[in-house]
1. Quick check: pseudo-label points 7 Å beyond the Cα along Cα→Cβ at Phe86 and Phe362, how many nm apart are they?
2. Given 0.36 nm per residue, what is the gain on full extension from Ala35 to Asp167 after removing their alpha carbon distance, in nm?
3. Which angle from 0 to 90°, rounded to the nearest 10, does the C-alpha axis of helix 335-351 make with the longest principal axis of the chain?
4. Would you mind calculating the relative contact order of the stretch 200-351 from Cα pairs under 8 angstrom and at least 6 residues apart, reporting the percent as a whole number?
5. Give the long-range amide H neighbours of Glu175: residues separated by 5 or more places, or on another chain, with amide H under 5 Å away, using H modelled in the peptide plane at 1.01 Å from N.
6. What is the distance in Å between the Cα centroid of the stretch 221-236 and that of the stretch 247-288?
7. Looking only at Gly12, Gly294, Gly74, which one moves most when the chain is put into a Gaussian network model with springs between Cα atoms under 10 Å?
8. Stretched out fully, how many nm does the piece from Ser264 to Asp236 gain, at 0.36 nm a residue minus the Cα gap?
Amino acid sequence: MSSAQGKVAIIGTVGVPARYGGFETLAEELVRAAAMAGKAHRLTVWCSGPQTATPRPDHYLGAGLRYLPLRANGAQSIPYDALSLFQAARSGHQSALLLGVSGALALPVLRATSSMRVITNIDGMEWQRAKWRGAARMVLKRSEAVAVRWSHAVIADNPEIARHIRDSYGRMPVEIGYGHDITTYAPPADLSDIALPPHYALVMARAEPENNLALIMGQFADDPSMPPLVVLSNWDDTAYGQNLARRYRGHPNLHLLAAEYDPSRLAAIWARATCYIHGHAAGGTNPALVTMMGQSLPIMAWDCLYNRATTEGQAAFFTNASGLRASVLALADTPQGAGMGATLRAIAMRRYRWADVTGAYFRLLGL
């Protein structure tokens, strides 16, 4: 089967349409781009049965959907990804895009028993995240090494991730970021069903310690000079999130919203924001950061190499509550902030367009 006709598997996500994180958004954008090019029938997306709503369709925008009775994250991600890879090989897929390294320990066996090409996006050095300790961290670090060694090609989404792959493993990755323009096909929705202030600072993050939600929310709760803060997160999915929600839900200056995935509603929420606060301290090129760069907002980002690389150093950076406070008061709804927002949008338009991202993936996958 030639590359012009081969089937391509997308593995390692909860599934499509996107309702979890950055990899799901990437999978959906790949499907959308393939549909526009008349190629969606060549894509198959493996999906998590326990994490997808019922009824479960067989196709999405022309791409095939396959379901497994396992979760796509946590401990079950290892068998979930491995089983997906072997199913894709057995069902005649020529190439597989593996998003994350959870199932990478299966790659040596897969390479010995099939001719399917595997292209792996190693994500943001998952083993460094604060939530992983002991054996789990060792397994993820080993999985990263195996993924780099046994994948036919490796994708890095950030220059710092690419440097890590080169320095640690001596391999040259393909550098592909994310897109910012996810609402171009969806006008802003009516938000009359939720009570929000006219303008506010905005945070979008999973409820994990490395995203520094406690520091950010604490500053906005304790300081009356700070503007209102709207936080979108998966509050109920982690003990960390549940504790934060119990502490701050009902605070007059904090508005806690459940994670939102509808592009029209997201567009409406973003339209009222005067600045975006990005507390992520781990990972590579974070999709939320790239997306908000495209919204022309001033951005206060946690000071780490990944965020500096993503923003080309043009955001305001903080490592403590006082630094965050100073940046918000100086940049939210000010001419200086508007200038920063324009600069960041120009970077997003140059580096983070979905048309460029999906095109790079398609060339690598032979789609």
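1. 3.4 nm
2. This chain segment gains 43.7 nm when fully extended.
3. Tilt relative to the chain: about 10 degrees.
4. For the stretch 200-351, the relative contact order is 24 percent.
5. Residues meeting the criterion, in which the H sits 1.01 Å from N, are Ala156.
6. Taking the Cα centre of each part, the stretch 221-236 and the stretch 247-288 sit 9 Å apart.
7. Looking only at Gly12, Gly294, Gly74, the biggest GNM fluctuation is shown by Gly74.
8. Details: separation 28, 0.36 × 28 = 10.08 nm, distance 2.34 nm.
Extra length from Ser264 to Asp236 when fully extended: 7.7 nm.
Laboratory data are not the source of any read-out in this text; all were calculated from the coordinates shown. Everything numeric in this text was worked out from a predicted model, so none of it was measured. Cβ atoms come from the backbone with ideal geometry, glycine included; neighbour counts cover every protein chain shown.
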